Amino acid sequence: MILNIAMDGPVGAGKSSIADAAARALGILHLDTGAMYRALGLTALERGIDLQDEAAVTTLMRAIDVTVAHDANGQRTLVDGRDVTGLIRTPEVSMAASAVGRYAGVRREMVALQQRLAATTPMLVDGRDICLRVLPDAPVKIYLTASAEARARRRYLEMVEKGDTTPFETVLVDVIARDKQDMNREVDPLRPTEDAVILDTTEMDFDQSVQAVLRIVKEKYHE
Ligand code: DC
């Protein structure tokens, strides 16, 4: 059996960067499934597809080829062979990703794709439905979270570093709006599964969070 680690959690819990560092420490790949929803959201925006039109978005998902590749810098995300890694981190694409992720047909395709990737390679997979749908049998399941304020604060500081002048209040409103959309959608809403370890990083810095993940992995593998 391939040893995979499942990690879910809300927006801005630092999941991607914590998952990245933990996967490196463990010597396995990190699959960022949010990037795949972002790639679909970006493509829908680029092609002028109405994000409220479930049939059109689902048809688009079936028509395009979303793939990932890993190199020394981590994951690169590709749509029909085009590298979109640098285009998928804008607030507009964030909301679009959350919007396209509401649709059952989209989720079915994405889950199948992610399961195929994880079936052949040991990976730390992060997302919103990994413990429940993508890797229901994973030996280690972690739900990474933090208060909305702490998550917005981290995202805000990241944006400031990139020269973005969006005010903190706007970032907080965006975090709360995406939480609502991800936690209240009809298909596989975001919530911790019973067998997941809940890791609240509100009071932890980045290194402490990574160490906490590594401790959970170690404990679970020894069970
Ligand atoms: O983790 P992220 O912020 O890059 O994810 C972007 C959006 O994609 C998020 O708001 C919800 C959606 N998503 C999802 O529905 N299922 C996943 N496994 C990963 C992300």
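To keep it simple, each residue is scored yes or no on (1) among the small types (Gly, Ala, Ser); (2) farther than 11 Å from residue 11 by Cα.
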site: 134; (1), (2): no, yes
site: 139; (1), (2): no, yes
site: 144; (1), (2): no, no
site: 155; (1), (2): no, no
site: 165; (1), (2): no, yes
site: 177; (1), (2): yes, no
site: 192; (1), (2): no, yes
site: 205; (1), (2): no, yes
site: 218; (1), (2): no, yes
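Per this entry, residue 9 is not counted among residues that are free of Cβ contacts under 8 Å to residues at least 60 places away in the same chain and on the phi > 0 side of the Ramachandran plot. I'd like the residue in segment 107-122 that is away from the ligand (no atom under 13 Å from the Cβ) and in contact (Cβ under 8 Å) with a residue 24 or more places away in the chain and, out of all such residues, is surrounded by the fewest Cβ atoms within 10 Å (Cβ to Cβ). Only one residue fits best here, namely 120. From the list 144, 190, 172, the one residue that fits, being in contact with a strand residue (DSSP E or B) (Cβ under 6 Å, 6 or more places away or on another chain), within 16 Å of the ligand (Cβ to nearest atom), among the aliphatic types (A, V, I, L, M) and at negative phi, is 144. Of everything in segment 9-30 that's farther than 19 Å from residue 115 by Cα and within 8 Å of the ligand (Cβ to nearest atom), which residue is farthest from the chain's Cα centre (by Cα)? Looking at the filtered set, the residue picked out is 12. Just one residue in the set 198, 130 is of a type outside the set (Asp, Glu) and more than 12 Å from the ligand (Cβ to nearest atom); that residue is 198. Restricting the search to helices (runs of 4 or more DSSP H) fully inside segment 17-133 and requiring at least 2 residues that are closer than 19 Å to residue 179 by Cβ gives 33-46, 91-100. The residue that is farthest from the chain's Cα centre (by Cα), among those in segment 182-223 that are hydroxyl-bearing (Ser, Thr, Tyr) and exposed (fewer than 14 other Cβ atoms within 10 Å of the Cβ), is 221. Scanning segment 132-147 for residues that are surrounded by 18 or more Cβ atoms within 10 Å (Cβ to Cβ) and not aromatic (Phe, Trp, Tyr) turns up 132, 133, 134, 135, 138, 140, 141, 142, 144, 145, 146.
So, of the residues in segment 154-181 that are of a type outside the set (A, V, I, L, M, F, W, C) and over 20 Å from residue 17 (Cα atoms), which turns out to be surrounded by the fewest Cβ atoms within 10 Å (Cβ to Cβ)? Looking at residues that are of a type outside the set (A, V, I, L, M, F, W, C) and over 20 Å from residue 17 (Cα atoms), I get 165.
Inspect segment 49-65 for any residue being within 14 Å of the chain's Cα centre (by Cα), within 15 Å of the ligand (Cβ to nearest atom) and of a type in the set (S, T, N, Q) and give the result as yes or no. There is no residue in segment 49-65 that is within 14 Å of the chain's Cα centre (by Cα), within 15 Å of the ligand (Cβ to nearest atom) and of a type in the set (S, T, N, Q).
Selection of segment 74-83 for residues being away from the ligand (no atom under 13 Å from the Cβ) and either more than 18 Å from residue 33 (Cβ to Cβ) or touching a residue at least 24 places away in the same chain (Cβ under 8 Å) (or both) yields 74, 78, 79, 80, 81, 82.
Laboratory data are not the source of any read-out in this text; all were calculated from the coordinates shown. In this text, all values refer to a predicted model and were calculated from it rather than measured experimentally. Counting neighbours? That spans all protein chains shown, and the Cβs are built from the backbone with ideal geometry, glycine included.
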